[in-house]
Structure formats: C-alpha cells, structure tokens
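Participant: One structure, pasted below without further comment.
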Amino acid sequence: MTASNRNARIAGLLYLLVIMAAPVRLVYIPMQLFITGDAGATMANIAAHETLFRFGIFCDLITGVLMLFLTLAFYRLFAHVDRKLAALTVILGGVLQAAIYFFNVLNDAAVLLIARGPDFLAVFDKPQRDALALLFLKLHGQEIGAAMVFWGLWLLPLALLILRSSFLPRIFAWGLILNGLAYLAQSITWSVLPQFDEVVSRISAPLQFVEILFMLWLLAFGARRTFRSQPANFPAAST
C-alpha cells in the first residue's frame with residue numbers, strides 16, 4: 001500500500017468517526033431529552049438522564065479532536081498537491097472547528113451545573129433555574145448556526161485539492177463545493193433571514209450525503225493514482 005493510499009484510508013476512517021460522533025449531541029440528544037417549549041420537562045429529562053447528556057458533551061469534545069486529526073490526515077494526503085490549500089484546510093476544518101466545539105461545551109456544562117442545583121443557585125426558584133438552563137441550551141444551538149460558516153468554508157479548499165489531484169474522482173469536488181455553499185447559506189440564513197431557516201435547511205440537507213459518499217470512497221478505494229491520467233489544469237499556488 002502506498003503512502004497516499006494509506007493516508008486516504010486513514011482520512012476515511014477518521015471521517016467515519018466524525019460522522020458517527022457529531023450527530024449525537026446535534027441530533028440524538030435533543031430528540032431524546034428536549035421538550036419544545038417546556039423548560040421544566042427538559043430539565044427534568046436532563047437530570048434523570050445525566051449520563052446520556054454527559055455522553056453528548058463527550059461526543060462534542062471527541063468530534064473537535066477528530067476534526068483536527070482528520071484535517072491533518074488530509075494535509076499529509078494533499079501537501080504535495082498544494083501545501084497552502086492543505087494548510088488552509090487544517091485551519092478552517094481543524095483548528096477553528098475544534099475551538100468552536102470546545103467553546104460550545106461550556107454551554108452544556110452550565111446546564112449540568114444548574115440541573116444539579118448547587119447551593120449558590122438557591123437564590124433562584126426552580127422556574128428561574130429552568131429558564132436559565134434553557135437559555136444555555138439555546139446558546140448551544142445558536143453557536144451551531146455560527147459554526148456552519150466553518151463547516152462550509154473548509155470544504156472549499158478540500159474540493160480544490162481534489163480537483164488538482166490525480167487520484168480522487170472530481171465529482172466529489174463539485175459535490176463538496178455545493179455542500180460547502182449549502183452550509184454557508186444555512187449560516188447566512190440563521191444570522192440574517194431566520195424566517196427562511198427551515199426552508200434552506202430542508203433544501204440543503206440532501207447535499208450532506210456527499211461527505212458520506214466521499215468518506216466511503218476513501219475507506220473502500222483510498223487514493224488511486226491511476227484513476228485519472230492527468231490532474232485538472234488549475235493554476236497551483238506557489239509554495
């Protein structure tokens with residue numbers, strides 16, 4: 001197995017772990033524990049299933065770490081294609097995303113602190129504590145809307161690297177560009193046009209399967225230098 005093929009398969013494995021870990025706090029925990037419009041019931045669920053809620057925090061932490069290692073795997077795979085683009089992928093997809101994941105964990109930590117009802121919070125009655133905890137849960141969701149900027153941006157240099165390489169199908173590059181633009185559209189809608197947030201999210205959702213297909217390709221086939229006879233004719237940045 002060549003070094004490129006090995007790096008591609010490692011990237012595919014790390015991508016798989018990200019795709020498994022990220023939805024736990026993003027999708028599964030809210031579906032299981034959160035009751036829309038009822039702060040008291042939501043807090044009761046969190047208190048009764050604290051271990052599950054903590055597992056969501058753990059998955060956010062793991063996702064941040066995995067994104068760092070995933071982008072480093074892509075750096076090793078694409079450094080000889082364009083070192084600057086590969087480094088940009090690490091910054092946008094690894095460093096900044098990890099920082100956001102770790103920062104957002106503080107909101108859930110605050111919810112847990114309130115749920116456990118320490119003595120210094122006794123000055124607040126239960127409805128007030130429930131409302132305060134719900135505020136931190138809402139802040140977690142708002143931070144995800146902001147994070148979508150980097151969810152989208154990192155896919156763009158990654159797509160350009162695929163186009164300039166000679167060992168991965170170009171169709172994934174175009175798909176990742178569309179996926180990245182979809183994430184950016186969702187973030188813009190969240191920040192400027194929230195009334196269209198649900199519509200844009202529904203339209204954008206199918207494009208997220210591009211990352212899953214790309215991950216499966218990396219795992220199954222790795223990097224095949226004979227896949228394309230010539231790389232795409234894009235001007236490379238100076239290194």
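The values are calculated or read from the model by the stated rules, or taken from the named source; none is laboratory data. Being a predicted model, the structure only gives us computed values, none of them experimental. Methodologically, a virtual Cβ is constructed for each residue, glycine included, from the backbone with ideal geometry; neighbour enumeration extends over all protein chains shown. We work out accessible area using only protein heavy atoms, side chains counted, and drop any ligands, DNA or RNA first. Shrake-Rupley method; radii C 1.70, N 1.55, O 1.52, S 1.80 Å.
Participant: Over the alpha-carbon set of the range 129-202, divide Rg by the Kirkwood Rh and report the Rg/Rh ratio to two decimals.
Facilitator: Using only Cα positions, Rg/Rh for the range 129-202 is 1.17.
Participant: For a quick check of understanding: with a 1.4 angstrom probe and all protein chains in place, what accessible area in square angstrom does LEU113 have, to the nearest ten?
Facilitator: Counting only protein heavy atoms, the figure is 90 Å².
Participant: In what order, largest first, do ILE57, ILE29 sit by accessible area if the probe radius is 1.4 Å?
Facilitator: ILE57, ILE29
Participant: Helix 126-153 versus the longest principal axis of the chain: what is the Cα-based angle in degrees, 0 to 90, to the nearest 10?
Facilitator: Helix 126-153 sits roughly 10 degrees off the main axis of the chain.
Participant: Using only the Cα atoms of the chain, construct the convex hull and provide its projected area averaged over every direction, in square nanometres to one decimal.
Facilitator: Mean shadow area of the hull around the Cα atoms is 14.5 nm².
Participant: Next question, about the same structure. For the chain, which whole-number percentage of the solvent-accessible area (1.4 Å probe, protein heavy atoms only) is attributable to carbon and sulfur atoms?
Facilitator: 70 percent
Participant: Ordering TYR15, TYR75 by how much accessible area each has at a 1.4 Å probe, largest first, what is the list? If you can, show how the numbers build up before the last one.
Facilitator: On the way: TYR15 5, TYR75 60 Å².
Sorted by accessible area, descending: TYR75, TYR15.
Participant: May I pose another question? What's the angle, to the nearest 10 degrees (0 to 90), between helix 170-192's Cα axis and the longest principal axis of the chain?
Facilitator: Computed tilt is about 30 degrees.
Participant: Defining a contact as two alpha carbons under 8 Å apart and six or more residues distant in sequence, what relative contact order in percent does the range 26-136 show? All intermediate terms of the calculation are to be shown ahead of the outcome.
Facilitator: Numbers: 86 pairs, mean separation 34.0, N = 111.
Relative contact order comes out at 31 percent.
Participant: Can you check what the Kirkwood hydrodynamic radius comes to for the range 169-208, Cα pairs only, in Å to one decimal?
Facilitator: Every distinct Cα pair counted, the radius reaches 10.4 Å.
Participant: Counting only Cα, what are the radius of gyration and maximum Cα-Cα distance Dmax of the range 20-95, in Å?
Facilitator: Rg then Dmax for the range 20-95, in Å: 17.6, 55.
Participant: Let me ask something else. Grab the Cα-Cα distance for LEU121 and LEU17, subtract it from 0.36 nm times how many residues apart they are, and report the gain in nm with one decimal.
Facilitator: Value of the extension gain: 33.6 nm.
Participant: Which value in deg cm²/dmol, rounded to the nearest 500, describes the helix-derived mean residue ellipticity at 222 nm for the chain, given -39,500 (n - 2.57) per DSSP H run of n ≥ 4 and division by the residue count?
Facilitator: Mean residue ellipticity, 222 nm, calculated: -24500 deg cm²/dmol.
Participant: Exposed loop sites here are trypsin sites (Lys or Arg not before Pro) in DSSP loop states with at most 15 other C-beta atoms within 10 Å. What is the longest stretch of the chain lacking them?
Facilitator: Counting at most 15 other Cβ atoms within 10 Å as exposed, the longest clean stretch of the chain is 1-115.
Participant: Oh, and also: Using only the alpha-carbon atoms, how far is helix 3-23 inclined from the longest principal axis of the chain? Give it as 0 to 90 degrees, nearest 10.
Facilitator: Relative to the chain, helix 3-23 is tipped by roughly 20 degrees.
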